[in-house]
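Below is one structure; the comments refer to it alone.
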Amino acid sequence: MNRFDYIRPASAAEAFAEAARPGSAYLAAGTNLLDLMKGGAARPDRLVDISRLPGLDRIETLADGGVRIGALVRNADLAYDAGIQRRFPAVSEALLSGASPQLRNAATLGGNLLQRTRCPYFYDVASACNRRTPGSGCDALHGENRLHAVLGWSEHCIATHPSDLCVPLVGLDAVVELEGPGGAREVQLEALHCLPGATPERETVLAPGELIVAVRLPPQGAGLAAHSRYLKVRERTSFAFAVVSAFAGLELDGGTIRTARVALGGVAARPWRARTAEAALEGAPASPDSFARAAEIALADAHPSGENGFKIALARRLIVRALKDALAGTPEAPAALPASPFAPHPGADHAA
Amino acid sequence: MPLDSPAPIAPYPRHGSNSGQPLTRRDGELKVTGRATYAADNHPADLLYAVTAVSSIARGRVTALDVAAAKAHPGVVEVFTPANRPPLAHDPDVKLGMFGFRIEVLQDDGVRYVNQPIALVVAETLEAAVEGAALLNQQYEAQPARTGLDDGERYAPAAVGVGAPAHTAYGDLDAGFAAADQIVETDITTPAQFHNAMEPHSVVAQWDGDDHLTLDMGNQALVMSRDAYAVYFGIPAQNVLIRSPFLGGGFGSKAILNGPQILAILAARQLKRPVKLALSRAQMYGPVGHRGRTWQRLRLGLDGEGRITALHHQSTAATSSFEDFLEPAASASLHAYASPAILAETQGLRLDTGTPGPMRAPGEASGSAALEVAIDAAADACGMDPLEFRLLNYAETEPGTGRPYSSKALRECYSEGAKRFGWAGRPLQPRQMRDENGMLVGWGMGTALFPCPHFPAEARATLRADGTALVETAGVDMGQGAWTALAQIAAEALGLDPEQVEFRSGVSDLPDAGVAGGSGHTASAGLALHNAGEDAIARLAELAGADPASPLFGAGNIGVVARAGRLHRRDDEGRSESYADILARTGKSMVVGTGRMARDDAAAQAWAMYSNGAVFAEVKVDPDLGVVRVTRLVGAFAAGRIINPRLVRSQYYGGMIWGLSFALHEAAQTDRRTGRIMNADLSEYRVPVNADVPSVEAILVPEEDRYVNPLGIKGVGEIGVTGTVGAIANAVRHATGVRVSRFPIRIEDLL
Ligand SMILES: Cc1cc2nc3c(=O)[nH]c(=O)nc-3n(C[C@H](O)[C@H](O)[C@H](O)COP(=O)(O)OP(=O)(O)OC[C@H]3O[C@@H](n4cnc5c(N)ncnc54)[C@H](O)[C@@H]3O)c2cc1C
Ligand code: SF4
């Protein structure tokens, strides 16, 4: 196998120093990175194992009422955290709709944010892929692309970001805390992932060696707790990535929408915040008409990147459904089939 | 999966002390404790690891391999390429027997499909072999890949499947269509599907000298494969020993020899050390078979009352550029419904893929998928309930031949299944039913059908001095439960409890148990075991009858009954003696009986023999989002005598879930430009998960068959796939009004 160095730094500072060298990659739980290495799609020379760095595995409530989640918090721990379930229920539902229990027990928050696309040509080293090998071309463009992007793509890359978790997070204005050789800084999650443009290999705004240390959820998001939903259309009932997913959160003033948050997954190279749709909803009556109009607006700039035009119609319908469900109220307990349209009610019969 | 709890066992007859009993698997504990050894669990001393380098193009030739780089990698022992591949005693481009295919074993630099082996790297560790294979950095001269109907080469095949006719006609088709009031046409395509057994194909090959070979490998046809390996390696068949106690699934893909395994065996001989090779998941998408794509068209002529006047099933079936295995889909229409005229015909299509092969219900699955959709469309066109339509066109005798059925409890399957499902009152029109959440609900059904092939098989039964028995046959347990069901049959013939019977199986030096395929293994190997047991009992009775000291003395012509380890005089059961006593007194350490699969050829010609069933499906479809969930599956099957209802139910469940997978999930996604399979992994080659199968139920309809074979056993392994695919598609149509024309059904088909 490809030889690489394995380094287990004792401190964050040591980690940045190692990881800033070319050819390095951070290793968290490895559920994504090791798969890529086995197939040859990633061939780092140096793995910097951050999984034992101290202090990154806590979920803390902040003085302002927000929440700070350490980058090494396991997906399962985050999903089942009582505070998260109560105040940011869509975060929990999104997590539980992803992967499998075993994977969620291992996978970390930081790894989930930075997981790579599931574009099959990216995984297949015999295929041309600009994201994996800059300038080599994009074999997905005229290939098997029914699940590829319909928003924000370019001729250079039509891949999507696969994370479920990121969809409600981006809708909840999550902030990503970074530390690196150049010091600490913050970016909005919405600005963490880059759209492909002419440089799809540049997937995020992280500088070399920069480490995600935490994600912060501002307290305002908790105001949506009573009316929020994450829905995921997938091709089997569990253990599948989203064809399209949607987060909808509402704050209501009687029959009028005071605040609206809408985000989509599986449609672009980043979790897609639908700000124009939110603007159209705010101040409007919480009605099917408003929802349909918002859905139109959210996908106004969408274009098929191949045989995936159906995803545009699907995304519109999913936004309408998520808004309707959000209006109806957040389920009191996690659904039997998280994020599935087939178990809209908590405790609904597993057999539908 | 919350499978419905098994119904009480009572309804079918108990034929003796053992069969009919729902025994749990005799190998169950070994399996759940991880002590059941599969091929790749073997680690003989001095083991080397082999890895194939595989082609990434579909057609062309390899122009360069950096063998020096691979060999320079620490741990790499040897690299085999067409330049140094040791000779074989058989030309791999010549078919070897009925189940033998042309295979790629580095005979030249040609590339005929993606994932074809183009070199074999052997190393001290698996890691070194994998890296060595990567370092070969192969270069190609590529030609355009032929991947579809428009660029593949069409031809008229000599046969479909394994030697079945490519063109079968009964009656006057033109007259049938002329007599029709209406003609209903249905087009269906089915994709390439891969067996994806959990256990990848693997082998541990050890040579003793140059002419004795031991193979640990998952294998569905032990003696047939042993003979074939002997030919490839130019040694006597008895010098080859295949050990295959367990298979982690075969589904047809482990019955046929393949290139990578032959190369590993060659390497072991050349390097004089044991060699292990296990394919990676991705490498299974090429050299070890798959279900080939089909493009099917059905035309049904219908009279004013809804009777079929003519049935034309046409299929184009894909195969590789160099070998023929054509999914015999059209044949599914030959035996299912009454029609005065039937034509089933297949056209071949050569593509740059690995050669397809038999995959669970080959032909029956994809053919039934299309036929049952066509039947539903016909019922629709006649304004009839789909069950009523099927009953109207019920085949009382085998279509075409007019032969009577050896048994056919299909009507009972229809009625039992319909009752359990609650079919009565189903609205005729689509889009009539919704659940409390607004989901569209649809009900559909399909007829399940599978023939009853038998294979030659032999067995040996030894009654031992302590009154226990040893029974032996080279049987195959690929998860279906042969270790248990075959032992039950043998124990019954021997008048013993299964615990008193030691069963040796899964090794090629035992009597030939034939192929575990065609759903015929229990019948074939079971008959051989039954006959061997009866032979041993007869010999024992002879000993006792001739012994004046035995209470059975003189029983000769009257006969004996074997029960609970004793022989009883048939006319006076009070007179009996235990097996152990008989042997002890006559001074024998054992009595050995032999038997073979034997059935009355005249009966086999005179009667038409099939397992039958009816599958009912309920689906829910989100009206806005197009997502489908199969909320209920009920199958009712009649398959003659049931040896072990627990195992049989599992086969039906597995078959029906496979059908669900066919209907909604499975498909290889081939890049049409390169022929590369873009989802060669279990994440993206989708099979259902538990949450996709909330409720599946199998009803065992009693059926007695006096003609199929002396035990009355039919097959259960594949029938569950048939019927189910169509039932689900028809339920989707009932829910949504959309008649699909391709499998799997996708979200965009229903939006
Ligand atoms: C079979 C399967 C199914 C899946 N299904 C889903 C699904 O349905 N929905 C879904 O959302 N996800 C799914 N996933 C993806 C899964 O969520 C990710 O693999 C997981 O979250 C990655 O976390 P990790 O800790 O293992 O990351 P790793 O694999 O260790 O790392 C992933 C990437 O992030 C980088 N990285 C990790 N942590 C940091 C950090 N703190 N700072 C900077 N860089 C970092 C690594 O360098 C690497 O590039 C699935 C995965 C598998 C294998
Ligand atoms: S879509 Fe992006 S990731 Fe996929 S092949 Fe093209 S460049 Fe690579």
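Give me the residue from segment B:515-565 that is in a loop (DSSP other than H, G, I, E, B) and under 20 Å from B:Leu470 (Cβ atoms) and, out of that set, most open to solvent (accessible area, probe 1.4 Å).
Among residues in segment B:515-565 that are in a loop (DSSP other than H, G, I, E, B) and under 20 Å from B:Leu470 (Cβ atoms), the one most open to solvent (accessible area, probe 1.4 Å) is B:Ala564.
Please indicate, with yes or no, whether at least one residue in segment A:9-26 is in a loop (DSSP other than H, G, I, E, B) and within 14 Å of chain B (Cβ to nearest Cβ). The answer is no; no qualifying residue exists.
Among the residues here, B:Asn709 qualifies as away from every other protein chain (no Cβ under 14 Å), at pLDDT below 95 and buried (at least 23 other Cβ atoms within 10 Å of the Cβ). Of the helices (runs of 4 or more DSSP H) that lie entirely inside segment A:99-149, those containing 1 or more residues that are more than 9 Å from ligand 2 (Cβ to nearest atom), without any contact (Cβ under 8 Å) to a residue 12 or more places away in the chain and surrounded by fewer than 24 Cβ atoms within 10 Å (Cβ to Cβ) span A:101-106. Taking every residue in segment A:313-327 that is more than 10 Å from chain B (Cβ to nearest Cβ) and pairing it with any residue that is part of a helix (DSSP H, G or I), at least 6 positions away or on another chain, the pairs with Cβ-Cβ distances below 6 Å are A:Ile319/A:Ala295; A:Ile319/A:Ala298; A:Leu323/A:Phe291; A:Ala326/A:His227.
Which residues, counting only those in segment B:398-414, are at pLDDT 95 or above and surrounded by 17 or more Cβ atoms within 10 Å (Cβ to Cβ)? Listed by number, the residues that qualify are B:Glu398, B:Pro399, B:Tyr405, B:Ser406, B:Ser407, B:Lys408, B:Ala409, B:Leu410, B:Glu412, B:Cys413, B:Tyr414.
Got at least one residue in segment A:69-86 being within 14 Å of chain B (Cβ to nearest Cβ), touching a Leu at 6+ places or on another chain (Cβ under 9 Å) and away from ligand 2 (no atom under 16 Å from the Cβ)? No: zero hits. Confirm whether A:Glu186 is open to solvent by 10 Å² or more (accessible area, probe 1.4 Å) and touching a residue at least 60 places away in the same chain (Cβ under 8 Å). Answer is no for this residue. Per the listing A:Thr204, A:Thr237, A:Thr259, the residue uniquely within 16 Å of ligand 2 (Cβ to nearest atom), touching a helix residue (DSSP H, G or I) at 6+ places or on another chain (Cβ under 8 Å) and among the β-branched types (Val, Ile, Thr) is A:Thr204.
Among the residues of segment A:189-201, the one identified as under 28 Å from A:Ala260 (Cβ atoms), within 16 Å of ligand 2 (Cβ to nearest atom) and open to solvent by 30 Å² or more (accessible area, probe 1.4 Å) is A:Leu195. The residues listed here are A:Leu178, A:Leu217; of these, the one that is crowded, with 18+ Cβ neighbours inside 10 Å, closer than 23 Å to A:Ser24 by Cα and modelled with pLDDT of 95 or more is A:Leu178. In segment A:150-160, the qualifying residues are those that are crowded, with 24+ Cβ neighbours inside 10 Å and assigned to a loop (DSSP other than H, G, I, E, B), and the one that is farthest from the other protein chains (Cβ to nearest Cβ) is A:Trp153.
One line per residue, one yes/no per condition, for (1) within 26 Å of the chain's Cα centre (by Cα); (2) on the phi > 0 side of the Ramachandran plot; (3) open to solvent by 40 Å² or more (accessible area, probe 1.4 Å):
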position	(1), (2), (3)
B:Gly417	yes, no, no
B:Gly422	no, yes, no
B:Arg431	no, yes, yes
B:Asn437	no, no, yes
B:Ala459	yes, no, no
B:Gly481	yes, yes, no
B:Ala485	yes, no, no
B:Ala493	no, no, no
B:Glu502	no, no, yes
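The sole residue among A:Leu172, A:Leu96 that is more than 15 Å from ligand 2 (Cβ to nearest atom) and within 14 Å of chain B (Cβ to nearest Cβ) is A:Leu96. Which residues, counting only those in segment B:145-181, are over 21 Å from B:Trp295 (Cβ atoms) and either of a type in the set (Phe, Trp, Tyr) or in a loop (DSSP other than H, G, I, E, B) (or both)? Matches in segment B:145-181: B:Val162, B:Gly163, B:Tyr170, B:Gly171, B:Asp172, B:Phe177, B:Ala179, B:Ala180, B:Asp181.
Of all residues in segment B:723-737, one or more are part of a loop (DSSP other than H, G, I, E, B) and surrounded by fewer than 20 Cβ atoms within 10 Å (Cβ to Cβ). Close contacts from segment A:278-292, counting a first residue that is assigned to a strand (DSSP E or B) and a second that is open to solvent by less than 30 Å² (accessible area, probe 1.4 Å), with Cβ to Cβ under 9 Å and a gap of 6+ residues or different chains, come to A:Pro285/A:Ile257.
Under the condition of being open to solvent by less than 20 Å² (accessible area, probe 1.4 Å) and of a type in the set (Phe, Trp, Tyr), the residues counted in segment B:651-706 number 3. When we screen B:Pro260, B:Pro236 for residues that are open to solvent by less than 10 Å² (accessible area, probe 1.4 Å) and either assigned by TED's automatic domain parsing to the domain that holds B:Ser202 or under 30 Å from B:Val740 (Cβ atoms) (or both), the only hit is B:Pro260. Applying the criterion of being part of a helix (DSSP H, G or I) and under 20 Å from A:Ala149 (Cβ atoms) to the residues of segment A:293-312, the residue that is farthest from the other protein chains (Cβ to nearest Cβ) is A:Ile297. On inspection, B:Ala580 passes the criterion of being touching an Asp or Glu at 6+ places or on another chain (Cβ under 7 Å), more than 21 Å from B:Asp27 (Cα to Cα) and small (Gly, Ala, Ser). Among the residues making up segment B:369-397, none is within 20 Å of the chain's Cα centre (by Cα) and either open to solvent by 10 Å² or more (accessible area, probe 1.4 Å) or acidic (Asp, Glu) (or both).
For (1) over 19 Å from A:Asp164 (Cα atoms); (2) in contact with a Pro (Cβ under 8 Å, 6 or more places away or on another chain); (3) buried (at least 20 other Cβ atoms within 10 Å of the Cβ); (4) polar (S, T, N, Q), each residue gets a yes or a no:
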site	(1), (2), (3), (4)
A:Pro22	yes, yes, no, no
A:Gly39	yes, no, no, no
A:Arg43	yes, no, no, no
A:Val48	yes, yes, yes, no
A:Ser51	yes, no, no, yes
A:Gly55	yes, no, no, no
A:Glu60	yes, no, no, no
A:Gly65	yes, yes, no, no
A:Leu72	no, no, yes, no
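The values are calculated or read from the model by the stated rules, or taken from the named source; none is laboratory data. Since the model is a prediction, treat every value here as computed from it, not as a measurement. Virtual Cβ from ideal backbone geometry, glycine too; neighbours counted across all protein chains shown. Just the protein is used for accessible areas: all its heavy atoms, side chains included, with ligands, DNA and RNA removed. Shrake-Rupley method; radii C 1.70, N 1.55, O 1.52, S 1.80 Å.
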